1. How much length would be gained if the chain were fully extended between Lys110 and Glu55, taking 0.36 nm per residue of separation minus their Cα-Cα distance, in nm to one decimal?
2. Over the range 1-115, how many percent of alpha carbon pairs lie in each 10 Å bin up to the one with the longest distance?
3. I need to check one value: relative contact order of the range 19-179, counting alpha carbon pairs closer than 8 Å and at least 6 residues apart, in percent.
4. Add +1 for every Lys or Arg and -1 for every Asp or Glu among the other residues with Cβ under 12 Å from the Cβ of Tyr214, and state the total.
5. What is the order of Tyr5, Tyr144, Tyr69, fewest Cβ neighbours within 10 Å to most?
6. Please report the net charge: other residues with Cβ closer than 14 Å to the Cβ of Leu31, K and R +1, D and E -1.
7. How do Lys93, Lys231, Lys239 line up, fewest other C-beta atoms within 10 Å first?
8. Would you mind calculating the gained length between Ser246 and Ala197 on full extension (0.36 nm times residue separation, minus the Cα-Cα distance), in nm to one decimal?
Amino acid sequence: MQRFYLPRFEKQLTGSPLASTNCGAASGAMLVDQATLGLKDPSPEMFRRQTGDMEGGLLIGGITTAMEYFGVPVTSYDWEDQLDWPALLSMLKAGRFAAVSGDYDALPLKYRGDKDFEGRHSVMYQAVTAKGVRVGDPLNDGRYAGIPKGWQIWPTEVARDYVLRFTQPLTGGIYAVVMQKRQVEVRTIANVRIHPARDAFILTTLREGKRLTYGGTEQGQAVAGNRTWFKVWVPSAEKVGYVHSSVVKRV
């Protein structure tokens, strides 16, 4: 069972003028897609424009600015916040995913999307699996033989070393932009449907107290005059679905 929604992978080398420095924008774009369950899916270029920074690589503050523009609540960390690896790993396991800054020379060659690059680089950490951390590295676009393509699994110790190396020689914490987890709780029996309509196929039926991660709301078929539906992730079906707002509450 896929516990969490998997967003569309974004590469940074798209041919845009800032492509070589757009790792933060591509990572942030994937995080927006993740947090909204696809309701918002900006390109790296669109994400970059919302930072207000059109020169060089993005700082944590710029990524945070754009996340807020897209309506995604996040918590930002830099070296002063002393975020350590166990705390970040705990967040990832709980479904609070992150755009993180790391040092590419800490990464074994087989995982690199650029075998010669050894500088600072942003990626997205998306879920902890039995084999390690699922990573969206915007350089992993498979552009030639030997380059990984799309989402990859890094062993947990590799993911750890990648972000910790970035903090050296400083003694501070990990640099990351971490999404908040948004959930709704079922108030009574609730049908989760494939579309925001009362006659749409039912993905699952849930009882009172069950919680679901939601990405936002959409307007659909009215129920007693109320057209608001939550877009939710249904792990048992491995699909996104819709539940009417009258039968759930935000928690």
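1. Gain on stretching Lys110 to Glu55: 16.8 nm.
2. Using 10 Å bins, I get a P(r) of 13, 42, 38, 7, 0 for the range 1-115.
3. Values: 322 pairs, mean separation 44.4, N = 161.
Result for the range 19-179 is 28 percent.
4. On the way: positive: Lys181, Arg182, Arg211, Lys231, Lys249, Arg250; negative: Glu185, Glu218.
In short, +4.
5. Details: Tyr5 25, Tyr144 6, Tyr69 16.
Fewest-to-most ranking of Tyr5, Tyr144, Tyr69: Tyr144, Tyr69, Tyr5.
6. Values: positive: Arg8, Lys40, Arg48, Arg96, Arg134, Lys181, Arg182; negative: Glu10, Asp33, Asp41, Glu68, Asp137.
Net charge in that neighbourhood comes out at +2.
7. Working: Lys93 12, Lys231 22, Lys239 15.
The fewest-first ordering by Cβ neighbours comes to Lys93, Lys239, Lys231.
8. Working: separation 49, 0.36 × 49 = 17.64 nm, distance 1.32 nm.
Taking Ser246 through Ala197 to full extension adds about 16.3 nm, to one decimal.
None of the figures in this text is laboratory data; all of them are computed from the coordinates on show. It should be emphasised that the depicted structure is a prediction, and the values quoted were computed from it without experimental measurement. In this analysis, Cβ positions are derived from the backbone assuming ideal geometry, glycine residues included, and neighbour counts consider all displayed protein chains.
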